[in-house]
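Asker: This is the structure, below, for whatever I ask next.
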Amino acid sequence: MAELKTKIKQNTQEQSVEKSPIIQEEKEVVFQSKNFNLWYGDNHALQDINLTFHENDINAIIGPSGCGKSTFVKSLNRMTELVPIVRTEGDIDFRGDDIFKSGMSVEELRTRVGMVFQKPNPFPKSIYDNVAYGPRVHGIKKKAVLDQIVEKSLRSASIWDEVKDRLTDNAYGLSGGQQQRICIARALAVEPEVILMDEPTSALDPISTTKIEDLMQELKKDYSIIIVTHNMQQAARVSDRTSFFYQGYVVESDDTNVIFENPSDKRTEDYVSGRFG
Amino acid sequence: MTVYREKFHEELNSLISECINLGKECQIRLAGTVEILVAENIDAARKVVRKDAEINRMEADINAHAINLITTQAPVATDLRTIISCIKIADNLERIGDNISNVAEVRKRIKITNERTLLRFKTMERLASLMLEDVYTAFKEEDMDLLDEIILRDQDIDAVFVQITTSDIFEESDAFLTGQIQLTAKYLERIGDHIKSIAEHIYYIHTGDPYEKHKSE
């Protein structure tokens, strides 16, 4: 069945290749990786990754454990550099500038490219201080300005109403879902352009997951989101584009509905259908 | 590579088997349709009408099974297309069963004796029967060319339908008789349409594209 489908696909391939750029042309490119390779010592973890992410899109990255998806996302704000044995080749352009060579500082990159992790990791401080931490590091000291940033960020992260009366409470006292939204608010406080999310809901209950997913739909109006997820239904629900990583390669990257309804590659079909993983 | 979700795939195969069984049941009934029309005794016709409930039950079971798989397994891609198409194919097969039962109802009302008309009915039955058999082969062997051919062959049944409805028999004054012939011809013609529709659903399972799109390219 799959071979036959590939055959038929090949015939229609030219048309689909022509169609995609027309839709994408309107949106500006945020990130573009060109033949990006990464090694952990001898382990060639990412191999010739060529991917483009556009403004105001939610991009999902899916793939089995160890396929390189988290490594790739961490490369986008140079977090992989924290591992001493990592070596990279190829380019990753952020807004047209190579993040490794253009002289952009890591601090500036990470300000413009925020990150939310798998487990909520608020600082052991008050809710207010958690969100105000980034702006303070950037030198904002005036209370009125900070108040404004904190409220705006908490509102954007859809948690303002739940915490507005207890901003001075320790963030650890919140539920996991609330803590994760505090972390999103903390990322938003420095007004990034892109938010990277590495399995942001895998430690959360279904209702909190729904809240984060709804929040992502709101955030995509102002930000670009790149999300790594193990939950394929989540990728299908929230993302505009999906890339499937397997053994360090990108097997297929396309509109999310194509990936989940009629993917071109048999491995993608088998993975999204849950035949392997 | 480790294979996962074996139980789901067993269930999916069992759903497909249920559809095939329903198809085979329709095939058996279809092959005797015109025989019922000419039978001296109307008991056979009564039996066919009664047994239609069995086909309806099989369709309901397929729908329930399909809904259960969608709810519990969140299928995507080919799996999802297969399940959705099973629901649609079962609906087509159930309607084929209805049409066979409707032909039997005609026998309960009247016995058609015009040789030429009966021969044409028999031709329609044979053409439909061969289409249904080939649709199964095309599914089993993933033969897209055969599906194309089956879809075209529906026109042959339509042509016999036109022959019947424009034939001399309609010049007869027995309006009840001509009315029943017209109905029978329409029932048999509709069976062809349903088989054509099944072929289109199978095309969709394999390619992910609606058949109309393929036709217009």
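Asker: Taking the Cα-to-Cβ direction at B:Glu149 and at A:His138 and moving 7 Å from each Cα, how far apart do the two end points lie in nm?
Answerer: 6.9
Asker: In the stretch A:190-277, how does Rg compare with the Kirkwood Rh, expressed as the Rg/Rh ratio over alpha carbon atoms?
Answerer: 0.98
Asker: Ignoring the sites themselves, what is the longest stretch of chain A with no trypsin sites (Lys or Arg not before Pro) in a DSSP loop and at most 10 other beta-carbon atoms within 10 Å?
Answerer: A:1-100
Asker: Given points 7 Å out from each Cα along the Cα-Cβ axis, report the B:Asp168 to A:Tyr40 separation in nanometres with one decimal.
Answerer: Result for the modelled spin labels: 8.8 nm.
Asker: Nearest 0.05, what FRET efficiency do B:Glu35 and A:Ile207 give at R0 = 45 Å with Cβ-Cβ as r? Intermediate values should be presented prior to the final figure.
Answerer: Numbers: r = 62 Å, r/R0 = 1.38.
The formula returns an efficiency of 0.15 here.
Asker: To the nearest 0.05, how large is the calculated FRET efficiency for B:Asp158 and A:Asp48 if R₀ is 60 Å and r is the Cβ-Cβ distance?
Answerer: Efficiency, from the Cβ-Cβ distance: 0.60.
Asker: Taking the Cα centre of the stretch B:6-216 as origin, sum charge times position over the Cβ atoms of Lys and Arg (+1) and Asp and Glu (-1), and report the length of that vector in debye to the nearest 20.
Answerer: 700
Asker: Moving to a separate point now. Distance cut-off 23 Å, Cα to Cα: go down the list B:Lys140/B:Lys186; B:Lys88/B:Lys140; A:Lys142/A:Lys164 and report the pairs above it.
Answerer: Over 23 Å apart, Cα to Cα: B:Lys140/B:Lys186.
Asker: Once the Cα atoms of helix B:144-165 and of chain B are each reduced to a long axis, what angle between those two axes, in degrees from 0 to 90 to the nearest 10, is obtained?
Answerer: 20
Asker: In percent, how large is the relative contact order of chain A, given Cα pairs closer than 8 Å and 6 or more residues apart?
Answerer: About 25 percent, as a whole number.
Asker: Could you tally the net charge around B:Leu130, taking each other residue with its Cβ under 12 Å from the Cβ of B:Leu130, Lys/Arg +1 and Asp/Glu -1?
Answerer: Local net charge: -4.
Asker: Right, next: Just to be sure I understand: if you take the accessible area of chain B alone plus chain A alone and subtract the pair, with a 1.4 Å probe, what total do you get in Å², rounded to 100?
Answerer: Summing both sides, the interface buries roughly 1700 Å².
Asker: Tell me which of B:Ser173, A:Ala236, B:Leu127 sits at the most positive position along the dipole axis of the protein assembly as shown, charges placed on C-beta atoms (Lys, Arg +1; Asp, Glu -1).
Answerer: It is A:Ala236.
Asker: Same structure again: Of A:Lys69/A:Lys143; A:Lys27/B:Lys196; A:Lys119/A:Lys152; B:Lys108/B:Lys215, which sit over 32 Å apart, Cα to Cα? Don't skip to the end; give the middle numbers.
Answerer: Working: A:Lys69/A:Lys143 40 Å; A:Lys27/B:Lys196 43 Å; A:Lys119/A:Lys152 23 Å; B:Lys108/B:Lys215 42 Å.
Exceeds cut-off: A:Lys69/A:Lys143; A:Lys27/B:Lys196; B:Lys108/B:Lys215.
Asker: Using only the alpha-carbon atoms, how far is helix B:77-109 inclined from the longest principal axis of chain B? Give it as 0 to 90 degrees, nearest 10.
Answerer: Roughly 20 degrees, rounded to the nearest 10.
Asker: On to the next question. How long are the semi-axes of the equivalent ellipsoid of the stretch B:6-216, taking √(5λ) for every eigenvalue λ of the Cα gyration tensor, in whole Å from largest down?
Answerer: After scaling each eigenvalue by five and taking roots: 34, 20, 12 Å.
Asker: Shifting gears a bit: Translational diffusion coefficient, Stokes-Einstein: compute it for the protein assembly as shown using the Kirkwood radius over C-alpha pairs as Rh, at 37 °C and 0.692 mPa s, and state it as an integer in µm² s⁻¹.
Answerer: Values: Rh = 26.9 Å.
Answer, rounded: 122 µm²/s.
Asker: Moving to a separate point now. Peptides B:62-73, B:6-17: what's the order by average Cβ count within 10 Å, highest mean first?
Answerer: Working: B:62-73: 15.8, B:6-17: 14.3.
By packing density, highest mean first, the sequence is B:62-73, B:6-17.
Asker: Nearest 5 percent is fine: what portion of the DSSP beta bridges confined to the stretch A:196-277 is antiparallel?
Answerer: 65
Asker: Excluding A:Arg237 itself, calculate the net charge of residues whose Cβ lies under 12 Å from the Cβ of A:Arg237, where each Lys or Arg counts +1 and each Asp or Glu counts -1. Write down the numbers at each step before the final one.
Answerer: Details: positive: none; negative: A:Glu213, A:Asp214, A:Asp240.
Summing Lys and Arg as +1 and Asp and Glu as -1 gives -3.
Asker: What are the equivalent ellipsoid semi-axes of chain A, built from the alpha-carbon gyration tensor (square roots of five times its eigenvalues), in whole angstrom, biggest first?
Answerer: Three semi-axes, in Å: 34, 21, 17.
Asker: Per-residue ellipticity at 222 nm for chain B, helices alone: DSSP H runs ≥ 4 residues times -39500 (n - 2.57), over residue total, nearest 500 deg cm²/dmol? Before the final figure, lay out the partial values.
Answerer: Details: 8 runs with 184 residues, N = 217.
My calculation for chain B gives -30000 deg cm²/dmol from helical runs alone.
Asker: Report the semi-axes of the equivalent ellipsoid for the stretch A:36-116 in whole Å, largest first, where each axis is √(5λ) for an eigenvalue λ of the Cα gyration tensor. Don't skip to the answer; put the middle values down first.
Answerer: On the way: eigenvalues 74, 55, 29 Å².
They are 19, 17, 12 Å, listed from largest to smallest.
The values are calculated or read from the model by the stated rules, or taken from the named source; none is laboratory data. All figures in this text were calculated on a predicted structure; none of them were measured in a lab. Cβ sites come from the backbone with ideal geometry, for glycine too, and all protein chains shown count toward neighbours. Remember, those area values only see protein heavy atoms, side chains included, never the ligands or the DNA or RNA. Shrake-Rupley method; radii C 1.70, N 1.55, O 1.52, S 1.80 Å.
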